[in-house]
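A.B. asks: Mind having a look at this structure? Questions to follow.
The values are calculated or read from the model by the stated rules, or taken from the named source; none is laboratory data. Predicted, not measured: the structure shown is a model, and the values here were computed from it. Note: ideal-geometry Cβ built from the backbone for every residue, glycine included; neighbour counts use all protein chains shown. Calculation scope for accessible area: heavy atoms of the full protein, side chains included, ligands and nucleic acids excluded. Shrake-Rupley method; radii C 1.70, N 1.55, O 1.52, S 1.80 Å.
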Amino acid sequence: SGFADVFPFHITTRQSLQDVNSRVPRPLTHQHFRPNIVLAAADNASDQDCPAYDEESWKRIEFAADDGQESWDMFVTSRTPRCTMPNVDLETGTMHSDGEPMRTLRTFRLSDPGKPNFVCFGMQAAPQRIGQNIRVGQTVAVVERGYHSLTEPL
């Protein structure tokens with residue numbers, strides 16, 4: 001298909017991006033990966049509570065009740081395979097000639113058992129029901145964990 005993003009939400013975490021940035025030659029921002037939800041650990045959480053790539057084990061997350069609405073769930077469906085967009089300089093729109101960061105990402109982010117040759121970063125997700133709001137600072141909890149494979153979504 002011509003469309004790589006088949007789910008309405010793409011989730012990344014600050015902890016995972018920090019790990020990526022500890023390995024690549026140039027720092028990346030979340031904009032390089034184009035998520036529409038970026039989650040971060042609570043200020044009082046330890047690295048053990050929220051390790052990098054923990055989101056790859058999430059099957060269902062709950063957004064806390066907020067502003068008079070009930071809490072609601074989102075299904076975390078599959079890893080996000082990456083195109084070469086992270087190799088584009090966001091200021092100039094040109095591709096980095098050294099093949100970075102994809103060259104380095106290929107050394108440690110071939111993480112999906114169903115598509116072992118695909119660089120993955122972030123998770124695709126879909127809400128349990130439509131019409132809910134997400135706001136900055138809203139609490140999110142992992143409700144269910146499980147196995148993910150691009151060849152067996154959900």
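A.B. asks: Residue 123 is checked against (1) within 28 Å of residue 27 (Cα to Cα); (2) at pLDDT 95 or above; (3) more than 14 Å from the chain's Cα centre (by Cα) and fails just one. What number does that condition carry?
C.D. replies: Status for residue 123: all satisfied but (3).
A.B. asks: Report whether or not residue 77 is touching a residue at least 12 places away in the same chain (Cβ under 8 Å), under 16 Å from residue 122 (Cα atoms), in contact with a helix residue (DSSP H, G or I) (Cβ under 8 Å, 6 or more places away or on another chain) and of a type in the set (S, T, N, Q).
C.D. replies: For residue 77, the condition - touching a residue at least 12 places away in the same chain (Cβ under 8 Å), under 16 Å from residue 122 (Cα atoms), in contact with a helix residue (DSSP H, G or I) (Cβ under 8 Å, 6 or more places away or on another chain) and of a type in the set (S, T, N, Q) - is not met.
A.B. asks: Show me the strands (runs of 3 or more DSSP E) entirely contained within segment 72-147 in which 3 or more residues are among the polar types (S, T, N, Q).
C.D. replies: Passing ranges, in order: 72-81.
A.B. asks: Using beta carbons and a limit of 6 Å, which pairs, at least six apart or on different chains, have the first residue in segment 11-36 and of a type in the set (Phe, Trp, Tyr) and the second one modelled with pLDDT of 95 or more?
C.D. replies: So the pair list comes out as 33/12; 33/121; 33/122.
A.B. asks: Then there's this: Does segment 4-26 contain at least one residue that is aliphatic (A, V, I, L, M), touching a Cys at 6+ places or on another chain (Cβ under 9 Å) and open to solvent by 40 Å² or more (accessible area, probe 1.4 Å)?
C.D. replies: Checked segment 4-26: at least one residue is aliphatic (A, V, I, L, M), touching a Cys at 6+ places or on another chain (Cβ under 9 Å) and open to solvent by 40 Å² or more (accessible area, probe 1.4 Å).
A.B. asks: Given the residues 114, 93, which is the only one that is open to solvent by 40 Å² or more (accessible area, probe 1.4 Å) and over 13 Å from the mean Cα position of the chain (by Cα)?
C.D. replies: 93
A.B. asks: Would you confirm whether or not segment 80-90 contains a residue that is under 30 Å from residue 130 (Cβ atoms), open to solvent by 20 Å² or more (accessible area, probe 1.4 Å), in contact with a strand residue (DSSP E or B) (Cβ under 7 Å, 6 or more places away or on another chain) and without any contact (Cβ under 8 Å) to a residue 60 or more places away in the chain?
C.D. replies: Scanning segment 80-90, I find at least one residue that is under 30 Å from residue 130 (Cβ atoms), open to solvent by 20 Å² or more (accessible area, probe 1.4 Å), in contact with a strand residue (DSSP E or B) (Cβ under 7 Å, 6 or more places away or on another chain) and without any contact (Cβ under 8 Å) to a residue 60 or more places away in the chain, so the answer is yes.
A.B. asks: Next question, about the same structure. Just to be sure before I move on: is residue 22 at pLDDT 95 or above and over 18 Å from residue 81 (Cβ atoms) in the structure I sent?
C.D. replies: Yes; evaluated as a whole, the condition is true for this residue.
A.B. asks: Suppose we filter 69, 48 for residues that are more than 22 Å from residue 18 (Cα to Cα) and either over 19 Å from the mean Cα position of the chain (by Cα) or not aromatic (Phe, Trp, Tyr) (or both); which single one remains?
C.D. replies: 69 is the lone residue from the list that is more than 22 Å from residue 18 (Cα to Cα) and either over 19 Å from the mean Cα position of the chain (by Cα) or not aromatic (Phe, Trp, Tyr) (or both).
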